[in-house]
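In what follows, a single structure is set out as structure tokens and then discussed.
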Amino acid sequence: MGLYLLDYGAGNVQSLANTLKKVGHEFKWISSPADFEKATSLIFPGVGAFETAIDGLISRGLFEPLRQYIASGKPYFGICIGMQVLFRSSLESPSSKGLGIIPSDIGLFSNADKSVPHMGWNSVEFLDPDERAHEGLDPRSSYYFVHSFRAAYEWENAEVAQWAHTTTQYGQEVFLATVRKGNVFACQFHPEKSGPAGLTVLDAWLRQPEADRATSPPRPRVARPPKPKDGFTKRIIACMDVRSNDDGDLVVTKGDQYDVRERVDSSDTAGVEGIQARTAGAVRNLGKPVALAERYYVEGADELCLMNITSFRHSPLLDQPMLAVVRAAAETVYVPLTIGGGIKDTVDPDGTPHSALEVAGAYFRAGADKVSIATEAVFAVEKMRERPSADGVGEGDGTSAIETIAHAYGRQAVVVSVDPRRVYVAPDYDGPYKDELVYGKPDGPEKERGKAWWYQCTVRGGREDRPLSVVQLVRGVEKLGAGEILLNSIDRDGTGLGYDLDLVALVRQNIRIPVVASSGAGKAEHFVEVFQKTNVEAALAAGIFHRREVGIDEVKTTLLASGINVRTL
């Protein structure tokens with residue numbers, strides 16, 4: 001079998017390569033147009049934006065050979081953009097023309113009743129009840145989707161409906177999850193990031209005889225009106241703060257209100273020198289990052305974050321240990337992986353400049369699916385607010401890390417990590433943030449009663465305050481092109497008191513992109529509370545998972561018992 005993978009030059013294609021090795025299939029990469037003639041089966045692991053994909057294919061001389069390959073009748077498996085390029089065009093880039101094999105266009109999700117991008121795990125529904133036509137998919141499983149643009153299920157259009165294989169519902173929109181006709185099979189979700197269920201899909205397609213992959217029976221046309229509730233699940237994310245310890249080794253650590261060094265009990269009797277040494281505080285070591293990542297994948301985490309909180313010795317591209325961590329984690333973890341730390345314009349010690357886009361690209365090629373930007377996002381919004389706009393948010397100039405990375409890889413690849421802290425003011429405060437005030441509840445903590453506060457943004461790990469509110473920041477980065485907010489809380493970090501629900505609700509109400517609640521989880525019930533009271537898409541925890549105080553399985557069992565939909569293994 002001549003299995004080839006097509007890389008048009010952008011995004012995380014390494015994860016698919018790792019997945020194929022995991023399930024025991026050998027492959028080669030398409031390196032020139034001539035390779036299409038050698039291929040007897042082809043997988044297009046499309047990651048990124050529609051325009052970037054089309055331009056990448058054209059610039060490498062691969063666009064027409066790809067069209068000819070598909071027309072030849074040889075098996076083709078497209079993933080995400082690899083499915084969308086089969087259509088005539090996409091609203092994401094109207095001037096970029098697709099292959100036109102499916103006579104329809106890719107549209108944009110509405111955010112009237114939901115957050116966009118569609119980011120997370122969702123189910124599929126079959127149009128054909130015959131299990132032999134299911135291509136390894138299981139209606140009881142969830143698959144990982146991450147996209148803002150979709151192919152609507154046009155069941156009344158015979159030319160389009162004949163391609164429909166399965167559908168998925170998000171909010172009140174029903175779209176094509178997979179297409180199947182003749183030699184073409186493609187999916188909107190990422191099987192390489194869908195855990196065991198996704199690996200089964202890839203393996204099932206590859207284990208078919210090539211003749212079976214090249215043919216398919218006609219599909220029934222079935223009306224599929226939206227159901228009252230979709231199959232979208234809430235995500236549970238495990239986060240690992242990675243930094244060098246005092247010996248120079250990369251370890252996973254966890255802070256209390258951002259302090260990652262051990263605190264010493266003054267009653268310590270180990271001697272004066274011992275007390276002084278420990279008072280300085282060794283970096284908390286809660287494990288090795290790759291080992292913990294694999295553990296959380298096995299335990300059912302829906303997504304993993306690796307945040308590099310060490311100052312780079314040289315530059316992100318020369319910080320080889322962290323890149324090695326990403327590569328190693330991507331070899332054993334088949335769920336989405338977010339990497340944070342140092343995603344910005346940098347200059348090497350020898351004067352060589354590197355753009356944020358280049359830095360992000362290195363992490364994507366190493367196996368990351370999303371990059372997280374923190375301090376640079378605050379500065380970008382401060383800069384955009386200097387250019388007034390009618391909506392009061394400001395205007396970007398196209399040069400920020402958020403804008404350049406989102407343009408190349410799609411907004412779903414950009415996460416902004418926010419580090420706000422409370423600023424207490426009098427209840428009759430009449431300052432610039434009066435419309436964002438949160439008021440203490442009469443039955444709330446004593447220190448909050450009779451008080452009001454707003455949330456101020458910080459940079460550099462909470463060490464520096466900025467004249468910017470959390471609402472100003474999240475509205476700004478949404479406009480710049482961020483696809484998700486990772487919402488931390490300096491006040492709640494490491495306390496185990498639960499998420500700051502006032503903060504989470506405030507942010508959720510002001511933007512239409514997904515929000516991940518972070519900081520403060522101490523028990524499984526805190527996850528139930530944040531989902532029920534704020535309707536965020538995901539919740540993250542670190543220390544309680546690292547120390548095994550609460551298990552991911554316990555969290556999901558508690559959520560299911562409360563009627564909250566989550567992915568199960």
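Of note:
- Residues that are in a helix (DSSP H, G or I) and under 19 Å from Val85 (Cβ atoms), drawn from the stretch 27-45: Asp35, Phe36
- The set of residues in the stretch 416-436 being touching a Gly at 6+ places or on another chain (Cβ under 8 Å) and either touching a residue at least 40 places away in the same chain (Cβ under 8 Å) or assigned to a loop (DSSP other than H, G, I, E, B) (or both) consists of Ser417, Asp419, Arg421, Pro427.
- Matching entry among Gly398, Gly394, Gly444 (being assigned to a loop (DSSP other than H, G, I, E, B) and either among the polar types (S, T, N, Q) or surrounded by 14 or more Cβ atoms within 10 Å (Cβ to Cβ) (or both)): Gly394
- Qualifying residue in the stretch 335-354 (condition: open to solvent by less than 40 Å² (accessible area, probe 1.4 Å), modelled with pLDDT under 95 and in a helix (DSSP H, G or I)): no
- In the stretch 415-430, the condition of being under 30 Å from Ile54 (Cα atoms) and not charged (D, E, K, R) is met by at least one residue.
- The stretch 14-32, residues that are touching a residue at least 40 places away in the same chain (Cβ under 8 Å), open to solvent by 10 Å² or more (accessible area, probe 1.4 Å) and under 23 Å from Tyr409 (Cβ atoms): Gln14, Asn18
- Close pairs from the stretch 33-45: first not assigned by TED's automatic domain parsing to the domain that holds Phe145 and at pLDDT 95 or above, partner surrounded by fewer than 21 Cβ atoms within 10 Å (Cβ to Cβ) and not in a helix (DSSP H, G or I), Cβ under 6 Å, at least 6 apart: none
Yes/no matrix, rows are residues, columns are (1) open to solvent by 20 Å² or more (accessible area, probe 1.4 Å); (2) in contact with a helix residue (DSSP H, G or I) (Cβ under 9 Å, 6 or more places away or on another chain); (3) outside the structural domain of Met307 (by TED's automatic domain parsing); (4) within 18 Å of Trp454 (Cα to Cα):
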{"residue": "Gly483", "(1), (2), (3), (4)": "no, yes, no, no"}
{"residue": "Ile490", "(1), (2), (3), (4)": "no, no, no, yes"}
{"residue": "Arg512", "(1), (2), (3), (4)": "yes, yes, no, no"}
{"residue": "Ala517", "(1), (2), (3), (4)": "no, yes, no, yes"}
{"residue": "Lys523", "(1), (2), (3), (4)": "yes, yes, no, no"}
{"residue": "Phe531", "(1), (2), (3), (4)": "no, yes, no, no"}
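- Residue that is surrounded by the fewest Cβ atoms within 10 Å (Cβ to Cβ), among those in the stretch 76-111 that are under 20 Å from the mean Cα position of the chain (by Cα) and of a type in the set (Val, Ile, Thr): Ile79
- Failed item in (1) surrounded by fewer than 23 Cβ atoms within 10 Å (Cβ to Cβ); (2) under 25 Å from Gln509 (Cα atoms), with Ala541 passing the rest: (1)
- Residues of the stretch 355-375 classified as open to solvent by 20 Å² or more (accessible area, probe 1.4 Å) and within 13 Å of the chain's Cα centre (by Cα), total: 1
- Among (1) in a helix (DSSP H, G or I); (2) open to solvent by less than 10 Å² (accessible area, probe 1.4 Å); (3) under 17 Å from Ile511 (Cβ atoms); (4) in contact with a Gly (Cβ under 7 Å, 6 or more places away or on another chain) - the single one Val378 does not satisfy: (4)
- Of residues in the stretch 186-240 being open to solvent by less than 10 Å² (accessible area, probe 1.4 Å) and part of a loop (DSSP other than H, G, I, E, B), the one nearest to Val555 (Cα to Cα): Thr233
Quick grid of which residues meet (1) under 27 Å from Glu92 (Cα atoms); (2) at pLDDT 95 or above; (3) hydroxyl-bearing (Ser, Thr, Tyr); (4) surrounded by fewer than 19 Cβ atoms within 10 Å (Cβ to Cβ):
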residue	(1), (2), (3), (4)
Tyr455	no, yes, yes, no
Val459	no, yes, no, yes
Ser469	no, yes, yes, no
Gln472	yes, yes, no, no
Gly496	no, yes, no, yes
Val504	no, yes, no, no
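- Meets criteria (touching a strand residue (DSSP E or B) at 6+ places or on another chain (Cβ under 7 Å), modelled with pLDDT under 85, buried (at least 22 other Cβ atoms within 10 Å of the Cβ) and of a type outside the set (A, V, I, L, M)) for Pro321: no
- Total residues in the stretch 134-185, condition out of contact with any strand residue (DSSP E or B) (no Cβ under 6 Å at 6 or more places or on another chain), outside any loop (DSSP other than H, G, I, E, B) and open to solvent by 10 Å² or more (accessible area, probe 1.4 Å): 4
- Test: Gly24 is touching a Pro at 6+ places or on another chain (Cβ under 9 Å), not charged (D, E, K, R) and not in a helix (DSSP H, G or I): no
- Within this structure, Lys114 fails the test of being among the basic types (Lys, Arg) and open to solvent by 30 Å² or more (accessible area, probe 1.4 Å).
- Selection within the stretch 16-42 - over 21 Å from Tyr334 (Cβ atoms) and among the aliphatic types (A, V, I, L, M): Ile30, Ala34, Ala39, Leu42
- Checking Asp128 against (1) open to solvent by 10 Å² or more (accessible area, probe 1.4 Å); (2) part of a strand (DSSP E or B); (3) within 24 Å of Leu199 (Cβ to Cβ), the condition it does not meet: (2)
- Pairs, first over 30 Å from Ala161 (Cα atoms) in the stretch 223-247, second open to solvent by 50 Å² or more (accessible area, probe 1.4 Å) and small (Gly, Ala, Ser), C-beta under 8 Å, six or more apart: Asn245/Ala282; Asp246/Ala282
The values are calculated or read from the model by the stated rules, or taken from the named source; none is laboratory data. Values in this document were obtained by computation on a predicted structure and should not be read as measured data. All Cβ positions, glycine included, derive from the backbone under ideal geometry; neighbour counts span all protein chains shown. For the accessible areas, the whole protein counts, side chains as well, though only heavy atoms, and no ligand, DNA or RNA atoms are used. Shrake-Rupley method; radii C 1.70, N 1.55, O 1.52, S 1.80 Å.
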